[in-house]
Amino acid sequence: MAIDVKELMAKVGKIRILTNRLIDDQLSGDYHSTFKGQGVEFDEVRPYVAGDDVRTIDWNVTARTGVPFIKRFSEERELTVMFLVDVSGSQTYGSVERSKAELAAEVASLLALTAIRNQDKIGLVLFSDRIVKYIPPRKGRQSVMRLVREVLAAEDDATGGTDIAGALRFLNGVQKRRAVVFLVSDFLRGAGGDSADYEKLLRVVARRHDVVCIPVSDPAETELPNVGLAELEDPETGELLLVDTADASVRAKFAAVAKAETEHRDRFFARSGIDNVPVFTDRPYIQSIRALFKRRASKR
């Protein structure tokens, strides 16, 4: 499908305005206190005060001045923030005002703008059953707008399945230093053919990087509406299925399968100690992100 540039830029502008309004001093401050830097770096020396750790005494300065001085260190704040965003066929779905892909672009924009305000670098990996696009980490607001444009533009050509494991392997190949990684996907089991494959790899990546998963969902994926006979299409395979949604047992089975998917995902995150922030196309998400920041800050 050809990309309507005018429509695309209108969407980008709308998301920029929306996310700028959502980012206030409180959110930015929460972000700063939530994610750790690469380590510590030397800051300055100051006179020794009773009670200071003697192991921090700078003996060279002390010898020159004849007065004890200690070294002060500060956290090295600059982070690399990587966004791994699922742009497979299932992300084009949306039963309300926006698709899952548009919601993914909004959330990524919010987090990327927050990172840029803290002088961090942001990078992007778009994936489906292959790597669609890779943008190396850079600083600057233009990097944020490009990130949003690429996520939205990918929606027009989104096809195929989801290979989360492939995206994680690609990340390991291009990102050698520790990074904050936001993985945005619907995390439906069967993605890439084997959920156990990506789950195992995600645990490995989470030991190397600071990973936050953002499951994106639509209300129609958890509850089938009663609209009589309906032809449903799998957006990743194109398979068509005729379903009688008036049948209560069909709706109940659909809801049970969806519930089992969500419970499996949540148990995996809990067992693995991986932070996650579920977001939904039919409700605000800013409070969920703030809650994550505050929860992580309190742990630190």
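Length gained on full extension, Asp282 to Val243: 11.6 nm, using 0.36 nm per residue less the C-alpha separation. Taken along the Cα-to-beta-carbon direction at a fixed 7 Å, the label points for Asp234 and Val250 span 1.8 nm. Neighbour counts of C-beta atoms inside 10 Å place Met9, Met82, Met145 in the sequence Met9, Met145, Met82, starting with the fewest. Local charge for Leu168 was computed over the other residues whose Cβ lies under 11 Å away, with Lys and Arg +1 and Asp and Glu -1, and equals +1. When Glu7, Glu261 are sorted by how many other C-beta atoms sit within 10 angstrom of their C-beta, beginning with the fewest, the order is Glu7, Glu261.
With Cβ to Cβ distances under 12 Å as the rule, what net charge do the other residues near Arg203 carry (K, R +1; D, E -1)? Result for the local shell: +2.
Taking the average, over residues, of other Cβ atoms within 10 Å as the packing measure, peptides 89-101, 48-60 rank 89-101, 48-60 from highest down.
Pairs exceeding a 25 Å alpha-carbon distance, out of Lys14/Lys176; Lys14/Lys294; Lys14/Lys133; Lys71/Lys176; Lys133/Lys176: Lys14/Lys176; Lys14/Lys294; Lys71/Lys176.
Residue separation of Met9 and Arg117 scaled by 0.36 nm, minus their Cα-Cα distance, works out to 36.6 nm of gained length. Counting neighbouring beta carbons within 10 Å and listing from fewest to most, the residues Ser88, Ser272, Ser109, Ser298 come out as Ser298, Ser272, Ser109, Ser88.
Computed extension length for Val61-Glu263: 66.8 nm, one decimal, from 0.36 nm per residue of separation with the Cα-Cα distance subtracted.
Rule-based calculations on the coordinates, nothing more; no lab input. Quick caveat, the model's predicted, so the values are computed rather than measured. Neighbour counts are summed over all protein chains in view; Cβ atoms, including those assigned to glycine, are modelled from backbone coordinates with ideal geometry.
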